[in-house]
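The values are calculated or read from the model by the stated rules, or taken from the named source; none is laboratory data. This structure is a prediction, so every number in the text was calculated from the model and none was measured. FYI the Cβ positions are ideal-geometry reconstructions off the backbone, even for glycines, and counts take in every protein chain you see. Heavy atoms of the whole protein, side chains included, go into the accessibility calculation; ligands, DNA and RNA do not. Shrake-Rupley method; radii C 1.70, N 1.55, O 1.52, S 1.80 Å.
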Amino acid sequence: QVQLVESGGGLVQVGGSLRLSCAASGRTASISAMGWFRQAPGKEREFVAVIRWINSNTYYANSVKGRFTISRDSAQNTLYLQMNSLKPEDTAVYYCAADRTTYSVSEYQYDYWGQGTQVTVSS
């Protein structure tokens with residue numbers, strides 16, 4: 001089992017920045033990739049970014065490309081999401097997730113999930 005705990009959410013103005021963290025514990029050696037997803041009110045959960053644990057390859061949703069950066073500290077088993085130039089449409093609950101076998105944009109491939117952290121961008 002892998003446990004994931006997100007932190008770093010909050011209220012920020014349009015154009016501002018936030019950095020989310022996700023601390024992983026448990027059987028972290030089994031992790032192949034970790035990703036960030038988000039869910040806005042009344043909408044389905046959507047992919048944001050993914051990073052492959054072994055070589056830090058990354059992939060982003062078009063909506064965040066150039067504004068968000070996913071990274072990880074393998075020694076600390078921590079995943080990050082640096083969010084810059086935030087927009088009101090970035091408002092959502094952000095979830096980190098861990099995948100044991102693939103490097104995927106599909107939430108259905110992920111095995112473990114955090115509890116989520118709220119990000120609100122005010123105009």
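Return the residue satisfying two criteria in turn: it lies in the range 47-57 and is open to solvent by less than 60 Å² (accessible area, probe 1.4 Å) and either among the aliphatic types (A, V, I, L, M) or over 12 Å from the mean Cα position of the chain (by Cα) (or both), and of such residues it is farthest from ASN84 (Cα to Cα). It would help to see each step written out before you state the result.
Pass one, the range 47-57, residues open to solvent by less than 60 Å² (accessible area, probe 1.4 Å): 47-51, 53, 56.
From what is left, the residues that are either among the aliphatic types (A, V, I, L, M) or over 12 Å from the mean Cα position of the chain (by Cα) (or both) are 48-51, 53, 56.
Values: VAL48: 14, ALA49: 14, VAL50: 17, ILE51: 18, TRP53: 23, SER56: 20 Å.
It comes out as TRP53.
Out of the range 34-43, which residues are open to solvent by less than 80 Å² (accessible area, probe 1.4 Å) and more than 15 Å from THR78 (Cβ to Cβ)?
PHE37, ARG38, GLN39, ALA40
Let's see how each residue does on (1) under 14 Å from the mean Cα position of the chain (by Cα); (2) open to solvent by less than 60 Å² (accessible area, probe 1.4 Å):
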site	(1), (2)
CYS22	yes, yes
ARG45	yes, no
SER71	yes, yes
LYS87	no, no
THR91	yes, yes
ALA97	yes, yes
THR101	no, no
SER106	yes, yes
VAL119	yes, yes
